[in-house]
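Worksheet: the structure to be examined is printed underneath.
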Amino acid sequence: MSSRLHDLAVDTLGRRIVAGELGPGTTMLAIDLERELGVSRSVVREAVRVLASLGLVESVKRLGIRVRPTSAWNVFDASVIRWRLASEHKGAQLRSLTELRSAVEPAAAELAARHAPDDDAAELTAIAGRMRAVGRAGRLEEFLELDIRFHGLVLAASGNEMFAQLEGVIGEVLRGRTHYGLMPDHPHEEALQLHLDVADAIGGRRPDAARDAMDRIMRRTVAEVEQVWLAEPRAFPG
């Protein structure tokens, strides 16, 4: 029970902060949060510790719990990304994540074609084949998990540990795109083929072709979802 209450407290406060309901500089008292959330002092204390680790709040002596500006947040944390995607700033978050992917994933594919272990290359081909089958069948949840695995494996197969650490970030944006209705009922045939092309180029040790195919995937992604962020400012509020 205490674990569920802790998770609920973190999620409730995190969502309110990210949505702007609790803006930068807002101060809160632990006793007020206890009453509002219906939890114990220890649950509030632990929730604040988690949110502080994400850069969302700080404890200020004789003042209380203060919300920090957006510039202090750990914007690569999966929880922060998930809360942003659930807020009215969803478009801006999708844009920043898609731009990150567009910069990193083609380079990761190129490196994977140079350095991926043979087992990883073979697995990518198998995943891409399954993606085509379930995509054509319209099984979007199954397709989503395969897509996350595919892109995460490309990042890991690059041999760059910093690229590999972005797997969770990529997973959140792919989940957000699916769960917020930004995926077609059946993935486009070109997109399905391009995943096969990436896998084939990595397995065939053709770095330029791997980069090009992944770049084309990202350009298709931008074209499919950019309408969500066209009206969004380039900077997040706060």
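Looking at Ala121, Ala103, Ala112, Ala107 in this structure, which one is farther than 20 Å from Gly23 by Cβ, out of contact with any strand residue (DSSP E or B) (no Cβ under 7 Å at 6 or more places or on another chain), surrounded by 22 or more Cβ atoms within 10 Å (Cβ to Cβ) and modelled with pLDDT of 95 or more?
When all the criteria are applied, what remains is Ala112.
Please go through the stretch 176-191 and pick out each residue that is surrounded by 15 or more Cβ atoms within 10 Å (Cβ to Cβ) and under 17 Å from Asp215 (Cβ atoms).
Correct list: Ala191 only.
Can you tell which of Gly176, Gly168 is under 21 Å from the mean Cα position of the chain (by Cα), part of a helix (DSSP H, G or I), within 20 Å of Ala107 (Cα to Cα) and modelled with pLDDT under 95?
Gly168
Just the residues that are surrounded by 16 or more Cβ atoms within 10 Å (Cβ to Cβ), among the small types (Gly, Ala, Ser) and over 17 Å from Ala78 (Cβ atoms), please, taken from the stretch 4-29.
Hits for the stretch 4-29 are Ala9, Gly20.
Quick test of your reading of the structure: Phe76 fulfils all but one of (1) in contact (Cβ under 8 Å) with a residue 40 or more places away in the chain; (2) not in a loop (DSSP other than H, G, I, E, B). Name the failing condition by number.
Of (1) in contact (Cβ under 8 Å) with a residue 40 or more places away in the chain; (2) not in a loop (DSSP other than H, G, I, E, B), only one is false for Phe76: (2).
Would you be able to say whether some residue in the stretch 199-212 is touching a His at 6+ places or on another chain (Cβ under 9 Å), in a helix (DSSP H, G or I), at pLDDT 95 or above and of a type outside the set (Ser, Thr, Tyr)?
Scanning the stretch 199-212, I find no residue that is touching a His at 6+ places or on another chain (Cβ under 9 Å), in a helix (DSSP H, G or I), at pLDDT 95 or above and of a type outside the set (Ser, Thr, Tyr), so the answer is no.
Does any residue of the stretch 87-95 turn out to be among the aliphatic types (A, V, I, L, M) and either outside the structural domain of Thr221 (by TED's automatic domain parsing) or at pLDDT 95 or above (or both)?
No, there is no match, as no residue in the stretch 87-95 is among the aliphatic types (A, V, I, L, M) and either outside the structural domain of Thr221 (by TED's automatic domain parsing) or at pLDDT 95 or above (or both).
Quick one: in the stretch 192-223, of everything that is out of contact with any Pro (no Cβ under 8 Å at 6 or more places or on another chain) and under 22 Å from Gly91 (Cα atoms), which residue is surrounded by the most Cβ atoms within 10 Å (Cβ to Cβ)?
Ile217
Among the residues in the stretch 145-161, are any hydroxyl-bearing (Ser, Thr, Tyr) and either in contact (Cβ under 8 Å) with a residue 60 or more places away in the chain or not in a helix (DSSP H, G or I) (or both)?
Within the stretch 145-161 (the criterion being hydroxyl-bearing (Ser, Thr, Tyr) and either in contact (Cβ under 8 Å) with a residue 60 or more places away in the chain or not in a helix (DSSP H, G or I) (or both)), the answer is yes, since at least one residue qualifies.
The values are calculated or read from the model by the stated rules, or taken from the named source; none is laboratory data. None of these values were measured; they are calculated from a predicted model. Here the Cβ is made from the backbone with ideal geometry for all residues, glycine too, and neighbour counts use every protein chain on show.
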